[in-house]
1. Give me the pairs: first residue in the range 431-455 and surrounded by fewer than 12 Cβ atoms within 10 Å (Cβ to Cβ), second residue in a loop (DSSP other than H, G, I, E, B) and at pLDDT 90 or above, beta-carbon distance under 7 Å, and six or more apart or on different chains, which are they?
2. Being modelled with pLDDT of 80 or more and in a loop (DSSP other than H, G, I, E, B) is the filter here, so list the residues in the range 217-253 that pass it.
3. Going through the range 77-87 one residue at a time, which ones are modelled with pLDDT of 95 or more and of a type outside the set (Val, Ile, Thr)?
4. Looking at 321, 305, which is the one that is buried (at least 22 other Cβ atoms within 10 Å of the Cβ), at pLDDT 90 or above and hydroxyl-bearing (Ser, Thr, Tyr)?
5. When residues of the range 264-298 are filtered for being in contact (Cβ under 8 Å) with a residue 24 or more places away in the chain and within 23 Å of residue 398 (Cα to Cα), how many remain?
6. Taking the criterion of being part of a helix (DSSP H, G or I), closer than 18 Å to residue 217 by Cα and touching a residue at least 24 places away in the same chain (Cβ under 8 Å), would at least one residue in the range 45-65 satisfy it?
7. In this structure, is residue 296 touching a Leu at 6+ places or on another chain (Cβ under 6 Å) and surrounded by fewer than 22 Cβ atoms within 10 Å (Cβ to Cβ)?
8. It is to be established whether one or more residues within the range 263-274 are in a helix (DSSP H, G or I) and either more than 27 Å from residue 365 (Cα to Cα) or among the β-branched types (Val, Ile, Thr) (or both).
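The values are calculated or read from the model by the stated rules, or taken from the named source; none is laboratory data. In this text the structure is predicted, and so the values were computed from the model without any measurement. Cβ coordinates were reconstructed from backbone atoms using ideal geometry, including for glycine residues, and neighbour counts include every protein chain displayed.
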Amino acid sequence: MMKFIDARLSRTTMYLLMLYYAAGLLGVSFVLGFFKLVPIDPTALAFSGLLVTGTCWLTNRLFAHVLRVPVNAESVHITAFLLILIMQPVTASQHAGVAGLLLASVVAIASKFLLAIGRKHVFNPVALGVVASGLVLNQPASWWIGGNLVMLPFVLAGGVLVLRKLQRFDMMGAYVIANIALTLATSGGGYGDDLTQAVLYSPLLFLGFTMLTDPLTAPQAKWPRLAYGALVGALSCPSLHVGSFYLTPEIALLAGNVLAYATNPKSSFRFTLLRIEKMAADCYDYVFAVDRRLVFEAGQYLYWTLDVSQPDNRGNRRAFTIASAPNSDEIRLGVKFYAGSSAFKTRLAAMQPGEQIHGSQLAGSFTLPRDPEQKLAFIAGGIGITPFRSMVEDMLNRRDSRSVIMLYGTSRLADIAYSDVFSEAEQDLGLRTRYIVADETSSHPQVRQGMIDGALIAQEIPDFRDRVFYISGPNAMVSQIRQTLSRMGVARTSIKVDFFPGLA
């Protein structure tokens, strides 16, 4: 079952998953409202939905046109849907409520353009819009979706998928534990009632699933994101107040955004295409010049945004690992193209030298260990080879001859990429590479026919218990190999993973 779920998640962008999640909750709420199973008027929900979505779309179009910047196609709809799920639905005759929805919508979208430093968001747009509506018009959030037991199973089901997609269970755990701990610490004695209220009848879970996890306003490194989750969770405690002023969940999130901004890389970069190099069947390296120095570690990634005139439902933003070494004069982006590619990939395929793409939100902890004596094992599947190209080229540049064995799995011999870099590392550094090809055989001594499984790992890496494993590739492949290594006795702390969504 989990293999099926992971396979589906691998083919869905984070933004599209969030869009489906929010739209699904709205659809379920609308249907249940007809049967009086949720305290929501479906007519008010439909009117509010049209009002907020239209306002968000119009505001987004206006700012994008005036400022001439590419925007994420799905982002405007996600923002609108979350606002509808948080703000109390109203009818056209409820003028104060209508004004609150309009203000929240305009502020949320405008903040993406006006409150961005170095083209990077500072605050969660939805939280900012909700706070503005409450402070300016006295139309605060009702968080109606978060306090309804009938909707809780749907909130949980979609929320767990979001966490699995983003691999942010640790941040969510810190957030929930901090909130519960402070709730119990400030309880007047009714611990059971307070705990039930905090978890089941509050925005705690919904906010965590949908807004806390926003990759553009949350820290990416492990310890900062744990601190971020704990801070937002603690400040969201319903009994926490300063004098007569009680903090709200959205204010708690904005406070956390300040911490995230302080710990996240703050720059966005403009990349100009220099040339395109074919590296394998249907795989190409896009080689860019960058507008200013990009400081990163081998194995890290960027969110890349491309100006797509007619984006599809997969949007115009992707997370790609930087395939070049940190001290290279050029930035490489390795991309695999599939039949029926998305609008993003279609536009990328049509790029010509001199055209530009934007990159932001540098992140990722899939990086080499500091200890040069630590023996390593790299396992790559398909286009998941890109972080290892960055690492191996970095090792070549630094003459880092640490012990590394790499297993690289592909479907065909023609799918093998970057063999020139790995061959150089074999000669100069002693890197040992084995190519595991599923559908073809070869007499080459470095090629093995089959799949990467426990038997092959034990055969090719006999000292596997002494090595730290780095695994990169499609979600399902990474999960399977991680489980295999655990069964073989490899410690959990000796397994580092990097999920590649493999989106077309």
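1. Cβ pairs passing all conditions: 439/411; 439/412.
2. Once the filter is applied, which keeps residues that are modelled with pLDDT of 80 or more and in a loop (DSSP other than H, G, I, E, B), the range 217-253 yields 217, 218, 219, 236, 237, 238, 239, 240, 247, 248.
3. Hits for the range 77-87 are 80, 81, 82, 83, 85, 87.
4. So the residue among 321, 305 that is buried (at least 22 other Cβ atoms within 10 Å of the Cβ), at pLDDT 90 or above and hydroxyl-bearing (Ser, Thr, Tyr) is 321.
5. Total satisfying the criteria: 11.
6. no
7. The answer is yes for residue 296.
8. Yes: one or more hits.
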